[in-house]
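Here's the structure we're looking at; comments come further down.
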There are 4 protein chains.
Amino acid sequence: MSVQNPIFIPGPTNIPEVLRKAVDMPTIDHRSSLFGQILRPAIDGAKKVFKTTDGQLFIFPSTGTGGWEIAITNVLSPGDKVLATCNGMFSQRWIDMCRRHQLDVTMIQQAWGDGISAERVEKILAADKHHRISVVLATHNETATGVKSDIAALRRSLNATKHPALLFVDGVSSIGSMDFRMDEWGVDVAVSGSQKGFMLPPGLAIVGFSARALEATENARLPRTFFDIRDMAKSNALNGFPYTPPVGLLNGLKLSTEMLLEEGLDNVFARHHRIAEGVRAAISAWGMQLCALRPELYSDTVSAICVPDGFDANKIVARALNAYGVAFGTGIGAVAGKVFRIGHLGSLTEAMALSGIATAEMTMVDLGLPITLGAGTAAAQQHFRLSIESTQRKAA
Amino acid sequence: MSVQNPIFIPGPTNIPEVLRKAVDMPTIDHRSSLFGQILRPAIDGAKKVFKTTDGQLFIFPSTGTGGWEIAITNVLSPGDKVLATCNGMFSQRWIDMCRRHQLDVTMIQQAWGDGISAERVEKILAADKHHRISVVLATHNETATGVKSDIAALRRSLNATKHPALLFVDGVSSIGSMDFRMDEWGVDVAVSGSQKGFMLPPGLAIVGFSARALEATENARLPRTFFDIRDMAKSNALNGFPYTPPVGLLNGLKLSTEMLLEEGLDNVFARHHRIAEGVRAAISAWGMQLCALRPELYSDTVSAICVPDGFDANKIVARALNAYGVAFGTGIGAVAGKVFRIGHLGSLTEAMALSGIATAEMTMVDLGLPITLGAGTAAAQQHFRLSIESTQRKAA
Amino acid sequence: MSVQNPIFIPGPTNIPEVLRKAVDMPTIDHRSSLFGQILRPAIDGAKKVFKTTDGQLFIFPSTGTGGWEIAITNVLSPGDKVLATCNGMFSQRWIDMCRRHQLDVTMIQQAWGDGISAERVEKILAADKHHRISVVLATHNETATGVKSDIAALRRSLNATKHPALLFVDGVSSIGSMDFRMDEWGVDVAVSGSQKGFMLPPGLAIVGFSARALEATENARLPRTFFDIRDMAKSNALNGFPYTPPVGLLNGLKLSTEMLLEEGLDNVFARHHRIAEGVRAAISAWGMQLCALRPELYSDTVSAICVPDGFDANKIVARALNAYGVAFGTGIGAVAGKVFRIGHLGSLTEAMALSGIATAEMTMVDLGLPITLGAGTAAAQQHFRLSIESTQRKAA
Amino acid sequence: MSVQNPIFIPGPTNIPEVLRKAVDMPTIDHRSSLFGQILRPAIDGAKKVFKTTDGQLFIFPSTGTGGWEIAITNVLSPGDKVLATCNGMFSQRWIDMCRRHQLDVTMIQQAWGDGISAERVEKILAADKHHRISVVLATHNETATGVKSDIAALRRSLNATKHPALLFVDGVSSIGSMDFRMDEWGVDVAVSGSQKGFMLPPGLAIVGFSARALEATENARLPRTFFDIRDMAKSNALNGFPYTPPVGLLNGLKLSTEMLLEEGLDNVFARHHRIAEGVRAAISAWGMQLCALRPELYSDTVSAICVPDGFDANKIVARALNAYGVAFGTGIGAVAGKVFRIGHLGSLTEAMALSGIATAEMTMVDLGLPITLGAGTAAAQQHFRLSIESTQRKAA
């Protein structure tokens, strides 16, 4: 693997130069007023990216997985009922975590490759006359399968049934890259991390809580201290932190959110969509299928690509890395060996995307897959050419 | 505050140039074999710094506070009895965490400034005929008061009473700077972080578990997922991580432990002692007292300095920062306003230490304290001069 | 232009991560012994890359252009006769410099795209019975046209005629990337810079002098002080510098030469050839011609590509930069507007090369050139696939 | 030597964090418009620091020594008469360079430690009825002796005699740190470098030319190409460079000048004076003398300190480096062994200055000099305390 090549794992992403420099700070006194000048805009910037003005946002030295734990331990108590859809590795892991924390999970199993079914959720909520279900869990973007679910539809289901359950959303691989609207969608806890749409090294869990979720924290009896948002809220109010803060990453987040907001979130999303469409054009030209079952499920941050039956997808990832020094994502969980993944999120250019597509192409030909060299690349090139024209026409 | 000045808070420390560069890495594929080449030596190096060969070491994207939670949630169950000494802010916070996690804490209150009394611990253990106490908690170095406790003595007390309680030690501000011997002292869980003796940015909890502590994890019923060392152990065995690892910091830890071991831990400790003695010589020349009650309690990583009655110690910290751009530590908890702290750990030179001492001196004179300009500096200079002579004589 | 994209100008090159970190140094005392620990291995390493043991190597805070001036001012006197071939912008500029320094230049004009004619040189030398010609100037690799000349043949011509003229070679865009043998080829002054094969930022002229060239310095009457190698030699002998040295770049050169030598110069050259052949396969698939007239002239560090008559080549460079953020080289001098250039030197991978090729392809299609999208990319992919196979077979 | 210690050589200086990051750039296409966005503000910023609006400013990849050569070769012809004062190593080297370039130098020898005598200059100019002297050379700040000369007085002498000679000033170790007024003082060529007041790594010669000096370039017959400002002017006018530009350093200069101008030049000068006065207070408390003969000659960027007769000043520099890892400047030239130097320019704080003073103090006591530990430090502390009070009072 050459660190000069761009990376195509579905996060952590390629880190922009300026963000690397923002993170790489000398030690400052985190109890001085300097710290507030970093923490405050980092929080405020992240709120804007989460699209919440009503909610409160917390940043912990942790990861997205920690973010899930923050979500459940601050709101729930042992035995609480949770309704969750499993349609991939990350939704499944969150469900496992709930169970390990003694929550009572009703699981809706969807095919890996399918999205959350708002209908199935709605049916179960409607049947829950006594409102025993406290929380609905949803993974906005299943990184394992490259599947985006419709959170707005889920909100409509909650509303339709007038069910008071809270809505927790894993937006780890969507927020900052794909449209996400915490307030508008009525998300009660939204979870993200530093290393995807925010283009930073891993090390931060970024979590938004709605007013209702905050209220619920007072009665939550799952033990937590490190992840307790009450301590965090108290310290943050004084521009402080309940323990040693990861100052460099926070400084990175401050700049990252400035960059995203300056570009304009809609432009950021459109850019991700454009690059993703190029990758999908290549996949289609290769005669391959996405793991995601239908176009409306296609993720703009990661594509999981099905290989022919009997072919081990991991070989592609291994060959690309060993022969060409380029990293793609393996399939994980139920689709291990059946898909390989191209991450296309963060600060990615056409030129970088094309180097990934062309390398995947070489690799598959090396391994005897029936691919025409250049075919996928040409399809992506054509998409990039035409879409950049239209981008420039629009801008003009 | 000028980022060009060295920093004198008791951690995070001044980060050596090479460690900043080691942490500031481009993204690599953490599922490739490259990751094991970072993780494995980081773990092995940290084990040597902890002085454990029998134990297992885990690194989490968290902080020392997270390390405490790792210690208790992996070993204990609600209602378990813990015996702990409170002699400062950090021992107190750990006790609070235990209580919030529904543990039953027997607290031995010592004066802030005093150390752990092995005698008092021994008496309580001896009285606990039915061995109801599961764990003894100890803070090796109380960062709030600059007090080092004698962990070897604590082990002797446990042994003398043949009490089977496990021994958990907070070594956050001692390990890597002061003598610490996990195996020899029979420490069952040892907790540290990246940002003190390891001279890195914050973001890692580094935790050692003895065989007995590991065994206990199977029956521990405190819920945990993010902090579960069983998941971590399983992933680490395959050179992996249960979630996105903080690769840059791990790479920093790899190099940091190499640096410490190459210098030789005894030399590292001697260096810290030498610098600390210089700071204490200055304090003494100022006619001031340490918060630590007796010389054997003096910490080699941080000095908490008592100010005259009625004088607000925070003024010193504020003035030094605002007028001279130099950061010292405020007093916290029970000694807030009564002490200020000089951190003297990590990669500190005589020249750096003297700049801190001279600045503290100016600041105190500015504030009307009866200090002679240059007096403390001269005392430290004399100590540095004579001790460096003897270092050089020894080396020759 | 996105700084995340690789760059395809014919130097400065993409700088490897480790070299950026080596250059980015805090200030050290350049009069202390630390400096010698940087300067000495930088010089020794560069000598190995120049393949000289007999010669002496000097490093100046300057550029390749400064290197030319070092070559002529240290050896020659006003009115001295120089024989030089002009076959591109850089050979021409060196000739101009000679004239501005009052040297008497006999210029052999070759077509831009052609190489140095050893035959023509030999003929002139043979006719110079009185050995009035003091120096033969040669540009090993004409960066403007992507033409490599045969320096060994030139040496044979000098030998055949028994002409005592010194041989000065501009190896700015060849040394460290293509085979260069200072001693074996009898090169008397060899000139390079930091920003090409050495993969560093610009700022260093690196110049080798043979024993004969050194001898000649004593009688050289062109005035020079900053560029005087006698002062440099005197200072270097004491591990010093005649003025403030560019310590960071020297530290980078130390590491850069270590990297090149560890990889093995032959492997470095083979790698450049492999990448260059991929680029040329693409050019051929586009149905385009190189500016270089014959295969034996093809440069492995830069390709100058002829565009159809009447088409302005600068448009390609502008469009690639503006639409896709990728930098290629424009044509300069006599071929301005007629060629565009792809630099393929330094630390370049297949994935990076493919991103450049694919981007050039998109750009040319955008501009209406009769290119099939993917065609050049596929040709390069095929070359990279097959050649990597053979590389791996050889290594196995 | 520890790279964590501040450095006290009289340049290169301690490089501020943000400037290191500005210099450490990935490669950009220096023929794209991006380059102009760096070059233009770098030039404009430097002009403001030079205080010239009438003049033109040029930046070369070189050093201050190269700057001298730029000055003379662009304006003068062999045999031209130059009047120069020698009062230290750097003025002497410039004179040597003139002679090596076949200029006819009339040298006024002043004692090392003395400044330029405007009276002696005036007398000679007055006697030069036929205006044979083309240029008067002056070193604004003699780095070897810590002596500042009065350039305004020199201009008055030129004016008084109505002599048309041009005035060339070496401002390498003054510009950006001490008051310098190119236009107001009628300086025709002003020379500086990147590594002193501009706080950057070495590698740039920064040179200002007045309209009269520019005019003179047309008739100057000293050969130059690399250093020819006509080529530079032509290229700069198109936002280009005549050869590969040192982009990172130029980007650093852009930011450095922004920093200096934002702080305000008067504040920058006052800060340097304040720190210098602190150092001088320490020297005085040590009972030692400056090499500079009179207070009006005292340099605010470097102090050369005389040691007792028979004592080798180099021992101080060696001991400080070897025992304490702190770098001071040795005496050079006529005062080698007789003085050691403390550089106090660039981005230096009180805390940093005190660490240097305290280390020098320890070192001198180690070596048996009759110094009281803490005495110099206390004197500097007192000065810093009082002067910061007055600074804050003024600001309030």
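In whole Hz and in residue order, list the ³J(HN,Hα) couplings for the stretch D:374-379 that follow from phi through the Karplus curve 6.51 cos²θ - 1.76 cosθ + 1.60, θ = phi - 60°; x for Gly and Pro. For the stretch D:374-379, the Karplus curve yields x, 5, x, 4, 4, 5 Hz.
Taking the C-alpha atoms only, the angle from helix D:247-263 to the longest principal axis of chain D is near 70 degrees. Annotation: amide H-H contacts under 5 Å for C:LYS81 (H modelled 1.01 Å from N, sequence separation of 5 or more, or interchain): C:ASP104, C:SER134.
A cut-off of 5 Å between modelled amide H atoms, ignoring neighbours fewer than 5 places along the same chain, links A:VAL147 with A:GLU142. Label-point spacing at D:GLY264 relative to the other copies reads 4.0, 5.5, 6.5 nm, in ascending order, each point sitting 7 Å out from Cα along Cα→Cβ. For chain D, the longest principal axis of the alpha carbon atoms and the long axis of helix D:64-75 meet at an angle near 20°. Projecting 7 Å from Cα along the Cα-to-Cβ direction, the label point of B:LEU367 sits 3.8, 6.5, 6.8 nm from its equivalents in the other copies, listed shortest first.
Computed from the C-beta positions of C:ARG181 and C:GLU218 and an R0 of 35 Å, the FRET efficiency is 0.85 to the nearest 0.05. Apply 1/(1 + (r/R0)^6) to the Cβ-Cβ distance of C:ALA160 and A:GLN289, taking R0 = 60 Å, and write down the FRET efficiency to the nearest 0.05. Calculated transfer efficiency: 0.35. I'd like the distance separating the alpha-carbon centroids of the stretch D:380-395 and the stretch C:28-55, in whole Å. Using only Cα atoms to place each centre, the spacing works out to 46 Å.
Residue pairs exceeding 31 angstrom between C-alpha atoms, taken from C:LYS338/D:LYS234; C:LYS254/D:LYS234; A:LYS196/A:LYS315; D:LYS196/D:LYS338; A:LYS394/C:LYS315: C:LYS254/D:LYS234. For B:GLY193, nonlocal amide neighbours, meaning residues 5 or more places apart or on other chains whose placed amide H falls under 5 Å from its own, are B:ILE206.
Please report, to two decimal places, log10 I(q)/I(0) for the stretch D:17-262 at q = 0.07, 0.08, 0.13, 0.14 Å⁻¹ as given by the Debye formula with identical point scatterers on the Cα atoms and no solvent. One equal scatterer on each Cα of the stretch D:17-262 leads to -0.22, -0.28, -0.74, -0.86. Averaged over the residues of C:19-26, the number of partner chain Cβ atoms lying within 10 Å of the residue Cβ comes to 6. Placing a label point 7 Å from the Cα of B:GLY287 along the Cα-to-Cβ direction, the distances to the matching points in the other copies come to 2.8, 9.3, 9.6 nm, shortest first. The alpha-carbon atoms of the protein assembly as shown, seen along their principal axes, cover 106, 84, 55 angstrom, with the largest extent given first. Beta-bridge orientation, the stretch A:99-249: approximately 40 percent antiparallel, per DSSP, counting only bridges with both partners inside. Expressed to the nearest 5 percent, the antiparallel share of DSSP beta bridges inside the protein assembly as shown is 50 percent. For the stretch D:339-354, putting each phi into the Karplus relation 6.51 cos²θ - 1.76 cosθ + 1.60 with θ = phi - 60° gives couplings of 9, 10, 10, 10, x, 9, 10, x, 8, 10, 9, 4, 4, 5, 4, 5 Hz, in residue order, rounded to whole numbers and with x for Gly and Pro. Classify the stretch B:217-326 as rounded, prolate or oblate from the Cα gyration tensor: take a ≥ b ≥ c as the square roots of its eigenvalues, call it rounded if a/c is under 1.5, otherwise prolate when a/b beats b/c and oblate if not. Cα axes put the stretch B:217-326 in the prolate bin.
Translational D (Stokes-Einstein, µm²/s) of the stretch D:126-212 at 10 °C and 1.306 mPa s when Rh comes from the Kirkwood sum over C-alpha pairs?
Values: Rh = 13.6 Å.
My calculation gives 117 µm²/s for D.
Per residue, how much space in cubic angstrom lies within the convex hull of the C-alpha atoms of the stretch C:265-395?
Measuring per residue, one finds 106 Å³ for the Cα hull of the stretch C:265-395.
Between the beta carbons of B:GLU389 and D:ALA270, assuming R0 = 51 Å, the FRET efficiency works out to 0.80 to the nearest 0.05. Of the trypsin sites (Lys or Arg not before Pro) found in the stretch B:148-223, those that fall in a DSSP loop while having at most 14 other beta-carbon atoms within 10 Å are B:LYS162, B:ARG221. Computed from phi, the 3J(HN,Hα) profile of the stretch B:311-327 under the Karplus parametrisation 6.51, -1.76, 1.60 (θ = phi - 60°) reads 8, 8, 4, 4, 4, 5, 5, 5, 5, 4, 6, 6, 7, 10, x, 10, 9 Hz, with x in place of Gly and Pro. Evaluated on the stretch B:245-299, the Kirkwood hydrodynamic radius is 13.7 Å, with distances taken between all distinct Cα atoms.
Over the protein assembly as shown, dividing the summed -39,500 (n - 2.57) contributions of all DSSP H runs of at least 4 residues by the number of residues returns a 222 nm mean residue ellipticity of -14000 deg cm²/dmol.
Relative contact order for the stretch D:17-262: what percent, with Cα pairs under 8 Å and sequence separation of 6 or more?
The value is 32 percent.
Any read-out appearing in this document is the output of simple, stated calculations on the displayed coordinates, not a laboratory observation. No experiment lies behind these values; they were computed from the predicted model shown. With ideal geometry, Cβ positions are generated from the backbone for all residues, glycine too; neighbour counts draw on all protein chains shown.
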